[in-house]
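The values are calculated or read from the model by the stated rules, or taken from the named source; none is laboratory data. The model shown is predicted, which means the values in this text are computed figures rather than measured ones. Virtual Cβ from ideal backbone geometry, glycine too; neighbours counted across all protein chains shown.
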Amino acid sequence: MANLIINRNFKIWLHPNYIYFNTAEGKQYIETLKVLHDFTESVIRERKLTRKIGQSNSEAKENGGDDGIKRRLAFLDLLLDSAESQKVPLTDLEIREEVDTFMFEVRRRVFLYLKRSN
């Protein structure tokens, strides 16, 4: 995915959407993005179901877990907690967008860190 984005940025003739999305690379981008979104949505659905059943990490955090060590909530759990506590809860689409943004930024920062350390 990152290679597709970088390649598009370097090729100015691929900047207009109506051109890019009619190329093989643009179609590959759409397919890859769909796979990523489907994966993120399935993780969100599974996590919501797990939380509904009562097997959430927040219980482990409050109770100290099996080994007595307090655990931190995962980013997705924090988003879901926030969404549940608001008057107008976040939709699954909004949660997915936040998770996607977070994952993209983490990947970018790790890449930059590794690039600087070489």
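Tell me which residues, restricted to the range 85-96, are of a type outside the set (A, V, I, L, M), under 17 Å from E41 (Cα atoms) and without any contact (Cβ under 8 Å) to a residue 40 or more places away in the chain. Across the range 85-96, the qualifying residues are P89, T91, E94. Taking residues in the range 99-115 that are farther than 26 Å from D81 by Cα and modelled with pLDDT of 75 or more, and partners anywhere that are surrounded by 11 or more Cβ atoms within 10 Å (Cβ to Cβ) and of a type in the set (V, I, T), not one pair has Cβ atoms closer than 6 Å while being at least 6 places apart or on different chains. Among the residues of the range 17-33, the ones that are within 11 Å of I5 (Cα to Cα) and of a type in the set (D, E) come to 1 in all.
Would it be correct to say that E25 is in a helix (DSSP H, G or I), out of contact with any helix residue (DSSP H, G or I) (no Cβ under 8 Å at 6 or more places or on another chain) and either modelled with pLDDT of 90 or more or over 15 Å from D100 (Cα atoms) (or both)? When the stated conditions are applied, E25 does not pass them. One residue stands out among those in the range 39-77 that are among the hydrophobic types (A, V, I, L, M, F, W, C) and at pLDDT 70 or above: the one that is surrounded by the most Cβ atoms within 10 Å (Cβ to Cβ), which is L76.
Modelled with pLDDT of 80 or more, outside any loop (DSSP other than H, G, I, E, B) and among the hydrophobic types (A, V, I, L, M, F, W, C): which single residue out of L90, L4 fits that description? Of the residues listed, the single one that is modelled with pLDDT of 80 or more, outside any loop (DSSP other than H, G, I, E, B) and among the hydrophobic types (A, V, I, L, M, F, W, C) is L4.
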